[in-house]
Amino acid sequence: MTPATSVAAAGAAPRVSGVALDRFSYDDAIVRKFLFATLIWGVVGMVAGLLIALQLANPIFNLGLEWTSFGRLRPLHTNAVIFAFAGNAFFMGCYYSTQRLLKARMFSDGLSNFHFWGWQAIIVSAALTLPFGFTQAKEYAELEWPIDIAIAVVWVAFAVNFFGTLVKRRERHLYVALWFYIASIVTVAILHIFNNLSVPAGFLKSYSIYAGVQDAFMQWWYGHNAVAFFLTTPFLGLMYYFMPKAAEGPVFSYKLSILHFWSLVFMYIWAGPHHLHYTALPEWASTVGMLFSVMLWAPSWGGMINGLLTLRGAWHKVAQDPILKFFVVGVTAYGMSTFEGPMLSIKSVNALAHYTDWIIAHVHTGALGWNGFMTFGIVYWLLPRVFQTPVFSKKAMELHFWIASVGIVLYVVAIYSAGVTQGLMWRAFDETGRLAYPDFVETVLKLMPMYWMRVAGGTLYIVGMVIFGWNIFKTWANRPATYEVPVIEAAPLAKRYVEDHPVVPANGLWARFNQVQWHRAWERAPMLFTVLTTLAVIVASLFEILPTFLIKSNVPTIASVKPYTPLELAGRDLYIAEGCFNCHSQMVRPFRYETERFGDYSKPGESVYEHPFLWGSRRIGPDLARQGGKYPDLWHVRHFENPRAVTAKSIMPAYAHFLSKSLDFDGIQSRVDAMAMVGVPYGDAVNKAPGMAREQAKQIAAAIREQGGPEGLEDKQIVAMVAYMQRLGRDIKVTATASAAPTQAPARVNGGTH
């Protein structure tokens, strides 16, 4: 970090002679608003996480209500922690640091407040829609299309406010934290828009324009980089500002920060396909994702080293300062997560870890350690500055640190153990060559002690959050009656004389490059810097996206694969609404232990009509890709009504409401029409969907009665769910000539549909 950059970071008065100074003040009211939102939503999101952890340990905690089942609350938990807790924390730190780094009040107080209230409204809308089953079924992008539009509008307002402040800045150079803010704002906008392109089928229902393999690719291009550019790069920007402030010293290395930033921005965007190893994604795509993921280890650890070495000469302060303790553990957790991520992307490791709780442990190491502890440290550092009174209790800060630290250790040790246990049990064979644990529920029951240990760890972390909130409230209560608003003086940029890092006359290209004069020129041109960052993201994305979409051999079609019938589509939508994809995958990988347990491995062409894809990301229940025809219709009725009546130790929630709630047959037509708009060849079903659905429903209801089941189910949701379950994997088992046309009512075969 250069002397000039150090001055900018420290907010020292400019060295100006004979120039009239501007007088202005910073807007800390918006920082206080985001601070309180961070606390409130953090508690809400983590309590939701504790509830779903309890549901996995004992299904009684699903509370017997359709709105409180694991499948519906799990996306509520992830959205609350990622976008409400971490999102508000980023905005809090960004608004505080940006104004001081640029020596300018935010471009518009109105936009700041619109951003705050708009973001909170989006969070509330998520809390209202997700438990009621309105979801796109895309990881970290579950919210439906009206909310997606609102997110885009609010994000644009934030971007205009941020870049408007860059334009009117009074500090010539952009400090490193601002580089990461720029990358985050631009990339999140690109990811959000292109991943969420869909065709509405109603006010809170839509279908992705992508299908199957392409949708899976786009989802994890988004999903991995949502973690990268919403949970990683924004907090790296906060690290580069708040750690030097807390340590009262400069960042360790300016050159390392340059290398860290550009390599991270370019490499991260390629890594998403490693989430799809051994699936129906083309081999080349997942291999490229793996290679770039492994290369990411170097820049990620460069950032960790830059953060930790910022404390050089200040390590003695860590023992006395709980804020620095939070920062040290947070950055260490970042280093652990960014080592483990590349390791998990290696195919041989991924073969064991994917679909297990190992991935859950990995994610929570980052979320609880990196995002959580960095947020705690930043808030504690901000409290005396934004409330203009000392933090109420340093002892409470210390207690929060130790309780939360023990909570993290309990959590991740338990879930790492659960993940490895799952992976090893799934692939275990006995001495006769048979699966050692053929009944999937056996592999779930072994995890119960670990799930209870996770509950204990999560409870401790939440106790820490309560102490955190109490300390914030008591500090706020001691605030002055009226906040003092300091008046800042600084010269306008056009007349400002700022000494750059002293440059030794350079002889030769290497000397000029080594002095990073080229990067200093970029730092003085924020719009150019933004364009270069955007190009790095777009170019890297297109190199992977275009071949996946334009080369047809990547997704060979299968003649026997037909669209879902209208009733099966309705059942699939109910499956999505209930969040069943959070526990069940629909992707049999080409491993012997999977094909023997579930059936033939999945093919790329099977999902060409699936909008969205439902390959899943974990298995708390068995894979369903080959479910069709495995059991009679009545078995599914009993299973949904009371899973433990069929499998005694099942932890699946009960879905008895399927047997009592009426199916909206008339609403099926708009859904079929929307699917036709995204390219699904529905033929006559475009005009006759409700009638076709009723006819198939009567057949299924009749079969259930014949098997000894209840009567009067022909207009209930259960028939649609049975239709969908019985269809899964059936097309791949038949020939093209034997498969039924999608516009015909399917024939009954062994209690299933054909």
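The values are calculated or read from the model by the stated rules, or taken from the named source; none is laboratory data. No experiment lies behind these values; they were computed from the predicted model shown. Here the Cβ positions follow ideal geometry from the backbone for every residue, glycine too, while neighbour counts run over all protein chains shown. Just so you know, the surface numbers come from the protein's heavy atoms only, side chains and all, with ligands and any DNA or RNA stripped out. Shrake-Rupley method; radii C 1.70, N 1.55, O 1.52, S 1.80 Å.
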**Message:** Going residue by residue through the stretch 608-626, is there one that turns out to be assigned to a helix (DSSP H, G or I) and open to solvent by less than 20 Å² (accessible area, probe 1.4 Å)?
**Reply:** no
**Item:** Qualifying positions in the stretch 273-323 - farther than 27 Å from Pro556 by Cα and out of contact with any helix residue (DSSP H, G or I) (no Cβ under 8 Å at 6 or more places or on another chain)
**Value:** Leu309, Arg312, Gly313, Trp315, His316, Ala319, Gln320
**Prompt:** When both residues are 6+ apart or on different chains and their Cβ atoms are under 7 Å apart, which pairs have a first residue that lies in the stretch 631-654 and is more than 13 Å from Pro710 (Cα to Cα), and a second that is open to solvent by less than 40 Å² (accessible area, probe 1.4 Å) and among the β-branched types (Val, Ile, Thr)?
**Reply:** Phe640/Ile718; Thr647/Val441; Lys649/Val441; Ser650/Val441; Ile651/Val444
**Item:** Lys698 more than 29 Å from Val199 (Cβ to Cβ), basic (Lys, Arg) and at pLDDT 90 or above
**Value:** yes
**Asked** Can you name the residue in the stretch 170-185 that is of a type outside the set (Val, Ile, Thr) and within 20 Å of the chain's Cα centre (by Cα) and is also nearest to Met106 (Cα to Cα) among such residues?
**Response** Tyr181
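Going by the structure shown, is Tyr655 modelled with pLDDT under 95, farther than 26 Å from Arg589 by Cα, open to solvent by less than 30 Å² (accessible area, probe 1.4 Å) and not β-branched (Val, Ile, Thr)?
Numbers: modelled with pLDDT under 95: no; farther than 26 Å from Arg589 by Cα: yes; open to solvent by less than 30 Å² (accessible area, probe 1.4 Å): yes; not β-branched (Val, Ile, Thr): yes.
Here the answer is no, as Tyr655 does not meet what is asked.
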**Prompt:** So, of the residues in the stretch 197-217 that are under 20 Å from the mean Cα position of the chain (by Cα) and open to solvent by 20 Å² or more (accessible area, probe 1.4 Å), which turns out to be nearest to Pro547 (Cα to Cα)?
**Reply:** Gln214
**Prompt:** When you go through (1) in contact with an Asp or Glu (Cβ under 8 Å, 6 or more places away or on another chain); (2) surrounded by 23 or more Cβ atoms within 10 Å (Cβ to Cβ) one by one for Gly87, which number turns out not to apply?
**Reply:** (1)
**Request:** Specify the residue that is nearest to Phe91 (Cα to Cα); the eligible residues are those in the stretch 380-411 that are under 23 Å from the mean Cα position of the chain (by Cα) and crowded, with 20+ Cβ neighbours inside 10 Å.
**Result:** Ala404
**Prompt:** Which ones in the stretch 160-186 are open to solvent by less than 10 Å² (accessible area, probe 1.4 Å) and not in a helix (DSSP H, G or I)?
**Reply:** Glu171, Leu174, Tyr175
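From the list Tyr416, Tyr437, which residue is free of Cβ contacts under 8 Å to residues at least 24 places away in the same chain, hydroxyl-bearing (Ser, Thr, Tyr) and open to solvent by 30 Å² or more (accessible area, probe 1.4 Å)? Please lay out each step first, then the result.
Numbers: Tyr416 fails: free of Cβ contacts under 8 Å to residues at least 24 places away in the same chain.
After ruling out the rest, the residue left standing is Tyr437.
So that you can scan it fast, the table gives a plain yes or no per residue for (1) without any contact (Cβ under 8 Å) to a residue 60 or more places away in the chain; (2) under 21 Å from Val43 (Cβ atoms):
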site: Gln55; (1), (2): no, yes
site: Leu65; (1), (2): yes, no
site: Val81; (1), (2): no, yes
site: Phe91; (1), (2): no, yes
site: Ser97; (1), (2): no, no
**Asked** Of the residues that make up the stretch 99-115, is at least one of a type in the set (Asp, Glu) and open to solvent by less than 20 Å² (accessible area, probe 1.4 Å)?
**Response** no
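For the stretch 646-737, please list each of the helices (runs of 4 or more DSSP H) lying entirely inside it that holds at least 3 residues being more than 30 Å from Leu56 (Cβ to Cβ) and touching a helix residue (DSSP H, G or I) at 6+ places or on another chain (Cβ under 9 Å).
Working: elements: 668-677, 685-706, 717-727.
So the answer is 668-677, 685-706.
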**Request:** Kindly indicate which of Ala201, Ala152, Ala157 is in a helix (DSSP H, G or I), farther than 24 Å from Arg100 by Cβ, touching a helix residue (DSSP H, G or I) at 6+ places or on another chain (Cβ under 8 Å) and among the aliphatic types (A, V, I, L, M).
**Result:** Ala152
**Message:** Anything in the stretch 444-459 that is closer than 23 Å to Ala404 by Cα and either aromatic (Phe, Trp, Tyr) or open to solvent by 50 Å² or more (accessible area, probe 1.4 Å) (or both)? List them, or say none.
**Reply:** Pro449, Tyr451, Trp452, Met453, Thr459
**Complete:** Every listed condition ((1) farther than 30 Å from Asp673 by Cα; (2) free of Cβ contacts under 8 Å to residues at least 40 places away in the same chain; (3) open to solvent by 60 Å² or more (accessible area, probe 1.4 Å)) holds for Leu546 save (1)
**Fill in**
Sole miss for Ala89 among (1) under 17 Å from the mean Cα position of the chain (by Cα); (2) on the phi > 0 side of the Ramachandran plot is condition (2)
